[in-house]
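First the structure, which I've put down as structure tokens, then a few questions once you've had a look.
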Amino acid sequence: MSDESPRVEEPLAPIALDDPHLQPFAKHPEGAQAVAAIAMVVGFVGFIGFGVAYWIGNDSQWQALTLGVGLLALGFGVTAWGKYLMPQGPFVEERHDFHSTEAERDAMTAAVVERGGMVVKRRKLLGGLLALGSATMGVVLLFPLVRSLGPKPGNTLFETNWKTGSRLVTVDGREVRADDLEVDGVLTVFPKGFQGSSPDQVILIRLAKTLQPLQPPGRTEWGVLGYVAYSKMCTHLGCPVGLYQRQTQQLVCPCHQSIFDVRAGAIPQFGPAPRPLPQLPITVDSAGLLRASGGFDQAVGPGFWERP
Amino acid sequence: MIDKSLRWIDDRLGIAKGGRTFLDKIFPDHWSFMLGEIALYSFVVLLATGVFLSLYYIPSANEIVYHGSYLPLHGQRVSEAYASSVSLSFDVKSGLLMRQAHHWAADIFLGSIAVHMARVFFTGAFRKPREFNWIVGVSMLILGIVNGFLGYSLPDDLVSGTGIRIAFSIVESIPLVGSYLAFFLFGGNYPGNGVIIPRFYILHILIVPLLIMVLLGAHLGLLVKQKHTQFKGKGKTEHNVVGSPMFPTFMAKTTGFLFMSTAAIFLLGGFAQINPIWQFGQYEPFQISYAVQPDWYMGWLDGAARIMPSWEWVGWGHTIPLEVFLPAVIFPGIIFNILILWPFIESRHTKDLAYHNLLDRPRDRPKRTAAGAAMLMLLGMTFFASSTDVMANFLELPLKSVLWFFRFAVIIAPIIAYFITYKICNEMRAAEGIGKRKRAQVVLRSSTGEYTTVDSEPRPGDGYEELEAIPVPTYIDLVPPELVTGAGVRRVMR
Ligand code: FES
């Protein structure tokens, strides 16, 4: 507020103390005050209680109870004070239009269009150079801001660590033998050396031998001794397909209930998953250990643009 | 004393004029105006509890051996993020309370935003001149959902890890750029090389909250500048606001309300267990727990992903995973765009360009109300579809039937909701005297045996409405005028 500008006196609206607008809302102010006071005392006691609860132990229920009751009661008291004991009103406030006068708007437009526009029009070259410079800066800044964040996908989405001859191991590195699983047994396996790796997770299931001929054509040799192995990454959104139903030989994804038919090449039978789980060809070596007889023939997991 | 310091400040900042206008600001009284306050206060609790948690949480995927006081985990190899989340729950005094209160506050924050938004929608408070504030509000809702997901992911437990995996796949599903985006965001193929947790952490505790705070400031600033809307009522016009002043009445009420909201959050935090990460265990990408349910505000997206048919598009050497892209990217994109653009969609339809400071009763705008009901029904159906498995178990129905029910229901139920709501609104408008507070009829019997009815006395609360609203007084004659003797009248400046 500068001293030169003449100060407009605010009109003051006087009001007598016994004006009904200033009376409390409560019919019985004394009673309301008593209730508010009791609540606030309870609040005070609650906070003391919290201090004690914290001091003598670490039971979150006692802490919550004391703190909660303290806050609730104090809050109730203050609200009751505001609602029942303060001037009831109602009071009114005028609204004023937000928009400026036409003249002010015109002046603003003129400042932008004419004052600013004229400058730019007169020096088209400088304007163009400024635009060029800023655009270039914007583009090159994307390198550190976006490109530095991670590697390009390249081929990684198509690759796993499964190679011809990879040994099947459990998550703690134990090699899986051909007699490890009973019929209907299930085990999560990894290629040796990559235990716990997400894209490499494979679910190994032992079916009764008679079920094997149901495998899709060309894949009859991909299982061995009733064993079949599928990528454990759901083709929907990549959850581990962890639930095997013995009666129906189905794999169920717990995330959105896609169901895959284990006997017939893990074709999705139900739910949002669009593709069968990729199958890993396996065989058994002379020492009785299970090995991969090749890698996956396609990318594992959910779909993406580059997938053919 | 107060007078002196106010003068000191005013000499330097000139706050007196604007300050008094601010203290005189009128807040209309209606219960539904408290919904936004709940959101505001749960955000305050989020900040306070969040700061507490950030002092103990370690955003690192490094593997360590757990040695805290939760015995079942003893000696296990877990990430530092997980270990510190468990430790701050058990080994830091009040830690569990703070963590659970933080989680509850987030759920309540988003819940109250949703209900507040419904109130604003159904009463038409978003109309000119408040379109900006509507957009700011929707933006905060989106940021709130994002931050909720980020925070949910930080403990690195089995359930949240599954959520991150799904998020990766959703980003991957975007045509053309999806795999690049996913690799940049996660620093490589899933599960990345340990950068997800630190990145999510900085987003969760700094960047997104900062954006929300900026928008929140804008939200409240616009509210002060444009003043509140109000329901129709005695003395209330498009050109005024009637209610209680900021100081002291509203301030007292709202402070009390801050305490009470905080109390509710802490009581929930202490007594209603939420997200017991120590039971889920450390996240391993090949493990999964059953009946995984995301936080409630993600439910509608999860449900949409569940009921989507498996329509993958393959051709010309490329794949578009429509079964993911449509429900998880396009669907929320459409919903949020409708929300943001609604004020303009409506004004284009109604050709209404006037200022609106008085609120509508929902029944007086049947089309809008019906559209809102249809939207709520759509979101509600996708939300319930996120527990198809639980429902199938509970109702002992085949999963398939439940799924097909929801596939139809998401389309049909909103349409039905639209027409029923439209009809109800019109019927209500036609009914006479609806919405008016009814007075009891007192039946009197005269000495001659004649019966007459009269209206009962107004109820206690009704008297409030009878007074004419007056401007907030600036000074009060402490002595009633009839006792004034001339000298000794103290005038108190307010
Ligand atoms: S991730 Fe398996 S069904 Fe969605």
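Would you calculate a helix-derived [θ] at 222 nm for chain A, using -39,500 (n - 2.57) for each DSSP H run of n ≥ 4 and dividing by the full residue count, to the nearest 500?
Taking each H run of at least 4 residues, the total per residue is -9500 deg cm²/dmol.
Moving to a separate point now. Which aspartates and glutamates have a Cα less than 15 Å from the Cα of B:Lys25, not counting those fewer than 8 places away in the same chain?
A:Glu93, A:Glu94
Run down the lysines and flag those whose C-alpha is under 18 Å from the C-alpha of A:Lys192, throwing out any fewer than 8 positions away in its chain.
Once the sequence-local lysines are set aside, what remains near A:Lys192 is A:Lys163, A:Lys232.
Just tell me which aspartates and glutamates come within less than 18 Å, Cα to Cα, of B:Lys253; anything on the same chain fewer than 8 places away is out.
Cross-link targets: B:Asp24, B:Asp29, B:Glu37.
Then there is this: Can you tell me which of A:Phe98, A:Phe194, A:Phe25 moves the most in a GNM of chain A? Springs connect C-alpha atoms under 10 Å apart.
Among A:Phe98, A:Phe194, A:Phe25, the largest mean-square fluctuation in the Gaussian network model of chain A belongs to A:Phe25.
On to the next question. Using a 10 Å cut-off around each Cβ of peptide A:16-29, what is the average number of partner chain Cβ atoms that fall inside?
Shielding by partners across A:16-29 averages 4.
Taking a probe of 1.4 Å, how large is the accessible area per residue of the range A:20-147, in Å²?
Here the per-residue accessible area is 67 Å².
What is the dipole size for the protein assembly as shown, taken about its Cα centre, with +1 at each Lys and Arg Cβ and -1 at each Asp and Glu Cβ, in debye to the nearest 20?
The dipole of the protein assembly as shown has a size of about 1300 debye.
Shifting gears a bit: Enter the mean number of other protein chain beta carbons within 10 Å of the beta carbon of each residue in B:400-408, as an integer.
1
How many partner chain Cβ atoms sit within 10 Å of a residue's Cβ in peptide B:172-181, on average, as a whole number?
5
Return a whole-number percent for the relative contact order of the range A:78-198, with Cα pairs under 8 Å and 6 or more residues apart as the contact set.
Rounded, it is 15 percent for the range A:78-198.
Note the angle between two axes, namely the Cα long axis of helix B:2-13 and the longest principal axis of the Cα atoms of chain B, as a number of degrees from 0 to 90, rounded to the nearest 10.
Between the helix axis and the principal axis of chain B, the angle is about 60 degrees.
Whenever you get a sec, compute what percent of the accessible area on the protein assembly as shown sits on carbon and sulfur atoms (1.4 Å probe).
67 percent
Same structure again: What ranking, highest mean first, results for peptides A:257-269, A:109-121 when packing means the other Cβ atoms within 10 Å averaged over each residue?
Most protected by this proxy first, the peptides run A:257-269, A:109-121.
List, by residue number, every residue in the range B:318-347 with a reduction of 30 Å² or greater in accessible area between the chain on its own and the complete protein assembly, 1.4 Å probe.
Checking the loss per residue gives B:His318, B:Thr319, B:Glu323, B:Val324.
With every protein chain present, what is the per residue accessible area of chain B (1.4 Å probe, Å²)?
Result: 50 Å² of accessible area for each residue.
If you don't mind, there's one more thing I want to ask. Based on Cβ point charges of +1 for Lys and Arg and -1 for Asp and Glu, what charge dipole magnitude is obtained for the range B:1-78 about its Cα centre, in debye rounded to the nearest 20?
Dipole of the range B:1-78, to the nearest 20 debye: 200 debye.
Another one. If you fit an axis through the alpha-carbon atoms of helix A:124-145 and take the longest principal axis of the Cα set of chain A, what angle between them do you get, 0 to 90°, nearest 10?
The angle comes out near 50 degrees.
Separate question: To the nearest 10 square angstrom, what accessible area does A:Val224 show with a 1.4 Å probe?
A:Val224 exposes around 20 Å² with every protein chain in place.
Related question: Can you tell me what the convex hull of the Cα atoms of chain A projects to on average, as an area in nm²?
In nm², the orientation-averaged hull projection of chain A is 37.7.
Helix B:331-350 versus the longest principal axis of chain B: what angle, 0 to 90°, nearest 10, using Cα atoms?
So the helix axis and the longest Cα principal axis differ by about 30 degrees.
Hey, another quick one. Charges at C-beta only: +1 for Lys and Arg, -1 for Asp and Glu. How large is the resulting dipole of the range B:359-422 about its Cα centre, in Debye rounded to 20?
320 debye
Moving on to the next point. With a 1.4 Å probe, what is the total accessible area buried between chains B and A, in Å² rounded to the nearest 100?
Accessible area lost upon association: around 8900 Å².
Determine the alpha carbon to alpha carbon distance for each of B:Lys400/B:Lys423; B:Lys17/B:Lys351; B:Lys225/B:Lys351; A:Lys152/B:Lys400 and list only those over 30 Å.
B:Lys400/B:Lys423; B:Lys17/B:Lys351; A:Lys152/B:Lys400
Which one of A:Leu149, A:Leu74, A:Leu237 has the biggest mean-square fluctuation once chain A is modelled by GNM with Cα springs under 10 Å?
A:Leu74
Over the range A:154-308, give the accessible area per residue in Å² for a 1.4 Å probe, as an integer.
37 Å²
A:Asp172 versus B:Lys4, label points 7 Å from Cα toward the beta carbon: distance in nm?
Going by the 7 Å Cα→Cβ label model, 7.6 nm.
The values are calculated or read from the model by the stated rules, or taken from the named source; none is laboratory data. Just so you know, these numbers come straight off a predicted model, no measurement behind them. Glycine also receives a Cβ, built like all others from the backbone with ideal geometry; neighbour counts cover every protein chain displayed. To get the accessible areas, we keep the full protein, side chains included, count just its heavy atoms, and leave off ligands, DNA and RNA. Shrake-Rupley method; radii C 1.70, N 1.55, O 1.52, S 1.80 Å.
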